[in-house]
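The values are calculated or read from the model by the stated rules, or taken from the named source; none is laboratory data. Only a predicted model underlies this, so the values are computations on that prediction, with no experimental measurement involved. FYI the Cβ positions are ideal-geometry reconstructions off the backbone, even for glycines, and counts take in every protein chain you see. Only protein heavy atoms, including side chains, enter the accessible area calculation; ligands, DNA and RNA are left aside. Shrake-Rupley method; radii C 1.70, N 1.55, O 1.52, S 1.80 Å.
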Amino acid sequence: MTNYGDEATVREILTRSGDTWAVVGLSNNTARAAYGVAQVLQRHGKRIVPVHPKAETVLGEPGYASLADIPFPVDVVDVFVNGSLAGEVADQAVAVGAKAVWFQLGVVDEAAYGRTRAAGVSMVMDRCPAIEIPRLG
């Protein structure tokens, strides 16, 4: 299997790509992985931006229905959607000028990875920032 999250890229995204993380699929459902990961990101100094069709305020941050609706730049787009939809979200992230795209555990889309990297945007797939942040210290 190809490594879609080499150490250098993971470290770059977590430490140098910026602190504004759009979390696509984040809602107030505390049982969902996106909610727990967003909490970890906040605890480690990241500003989270909930992106969900409901556009709910989550963890004190106002939500937006889509990446295109966010009226300020986002640095990283963390994707918590069905794997069949993840590639479209990666394309949207490139379109809004994100510096990096992060696909969660179990989500791999090689075509999206190729398009995103070809656009000059860093990308990690099949990894979780809530695992990587503590591991990298």
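Percent antiparallel among DSSP beta bridges with both residues in the chain, to the nearest 5?
5
Considering only protein heavy atoms and a 1.4 Å probe, what is the carbon-and-sulfur percentage of the accessible area of segment 76-131?
Ligands and nucleic acids excluded, carbon and sulfur reach 53 percent.
Can you work out the accessible area per residue across the chain, with the rest of the protein chains kept in place, probe 1.4 Å, in square angstrom?
Counting only protein heavy atoms, the per-residue value for the chain is 47 Å².
Order these peptides, 7-17, 76-86, by their mean beta-carbon neighbour count within 10 angstrom, highest first.
Descending packing order for the listed peptides: 76-86, 7-17.
Relative to the Cα centre, what is the charge dipole magnitude of segment 36-137, using +1 at the beta carbon of each Lys and Arg, -1 at the beta carbon of each Asp and Glu, and rounding to the nearest 20 debye?
320
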